[in-house]
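Bear in mind these aren't lab numbers, they're just calculated from the coordinates by the rules spelled out. Since this is a predicted model, take the numbers as computed values, not measurements. Note that we place each Cβ from the backbone using ideal geometry, even for glycine, and neighbour counts take in every protein chain shown.
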Amino acid sequence: MKIRDIFRNAARNAFRSRLRTTLTVLSLFVGAFTLTLTTALGAGVNDYVERQVATLSSQDILLVSPAAAVDTGDGPAEYDPNGRQQSGQAGPLGAGTLLNREDLDAIEAIDDVERVEPVSQISIDWVEASGDGTRYELDVNPTSSIGQSDLVAGEQLDQDESAAQLVLPESYLDVLGFADGGSAVGETVTLGYTDSAGATQEVDVEVVGVARESLFAAGAGANSALVTEVADAQAIPGQPEGWPIAVAYLSGSGADGAVTDADIASVKADLAADDLAGQTVEDQLGVVQTVLNGIIGVLSAFAIVALIAASFGIVNTLLMSVQERTREIGLMKAMGMSNGRIFSLFSFEAIIIGLLGATIGALAAIGVGSAIAGVAGETVLSGLPGLQILLFQPGNVIGVIIVVTFIAFLSGVLPARRAARQDPIESLRYE
């Protein structure tokens with residue numbers, strides 16, 4: 001009997017008992033459906049995180065902050081007027097210990113650090129479109145100088161420009177009277193802020209770009225000229241200089257000056273020696289990705305449990321099929337069919353059942369998941385443009401089908417072996 005004939009017979013025999021086979025296929029369907037959804041969830045979230053990281057920064061920077069204080073059990077530390085100051089200002093970077101000028105000098109003295117730029121935290125009270133008269137609250141992303149914005153229209157901030165520039169969040173277009181992102185670019189808006197004396201100050205800024213808000217980059221973007229102007233006005237006279245974080249730009253030892261992992265590790269070690277901590281954006285997002293991957297792993301574990309349960313169903317289905325077809329097996333052996341051919345016949349039955357359940361489950365997951373992702377993107381996830389919560393990649397879907405089919409094949413090995421080892425004479429006598 002040729003392989004083609006074996007496969008055709010296996011397909012016909014798999015549905016001799018349609019109810020039993022259908023129930024087995026449905027059990028595989030549940031596992032494949034769940035595993036396809038969890039795989040798509042992981043792909044969607046990781047794709048979004050990777051794209052956001054790419055817009056936030058490149059590999060050649062480190063965000064430097066004071067190392068976390070460690071309680072030695074010896075009581076509070078002695079006050080040092082020349083040491084690091086504490087910030088009580090609320091804002092995107094939070095309150096805590098500030099870097100001082102000595103810290104900046106120490107960072108700049110480290111090998112592989114080209115330059116250091118302290119990040120000042122400013123507070124903007126309101127934004128007003130020119131001549132509109134209506135004011136709206138506005139937050140400024142304090143790390144605008146780190147990298148690129150996810151632009152809808154316009155250009156990136158020019159950090160070397162002496163004039164104040166702003167990248168406006170897309171959500172502000174309607175309220176400020178702009179028809180779209182293109183119409184906002186090049187226009188002037190007015191920002192209001194409170195200076196150190198408590199007086200309200202205003203500054204006119206040019207909108208150079210419009211950006212989508214994301215999970216990792218909320219608020220407006222301001223260039224160095226705008227940040228410096230507002231930070232100088234809000235600085236309290238006589239208060240020591242201090243910054244929540246600083247950006248260290250690295251030079252690399254790799255090809256064409258590329259920054260390598262070894263370069264980053266070396267700089268981090270030197271920073272730690274100066275009681276400083278350096279992190280890449282990827283480091284900061286590592287905790288988020290770890291939590292998300294943990295949740296996805298738990299959901300995938302439930303899918304695997306369902307598949308294991310389904311595998312017992314395949315074993316039961318094929319064992320009963322072997323028992324019901326004992327005389328038929330004996331007849332095939334008496335006619336010269338080898339043990340290997342009989343093993344292949346029953347193995348193909350398991351593969352067909354597994355392939356059918358996996359394919360139906362994967363296709364159902366794609367249909368249901370795409371509908372859920374579309375509704376979620378327009379409702380609960382509308383504030384995260386660009387996030388496709390369920391990303392069905394062809395490679396992942398095919399991988400799920402192969403895994404489920406392989407599990408079905410393994411489940412069919414025991415019944416197939418039992419069928420192949422049947423004694424033809426005893427089988428023909430079976431009642």
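Only counting other Cβ atoms within 10 Å, I'd like M320, M332, M337 sorted with the fewest neighbours first.
Fewest-to-most ranking of M320, M332, M337: M320, M337, M332.
How would you rank I402, I329, going from fewest to most other Cβ atoms within 10 Å of each one's own Cβ? Let's see the in-between values first.
On the way: I402 13, I329 24.
Result, fewest neighbours first: I402, I329.
Could you run the Karplus curve 6.51 cos²θ - 1.76 cosθ + 1.60 with θ = phi - 60° over region 243-254 and give me ³J(HN,Hα) per residue in whole Hz, x for Gly and Pro?
Computed from phi, the couplings for region 243-254 are 9, x, 9, 9, 9, 9, 8, 9, 9, x, 9, x Hz.
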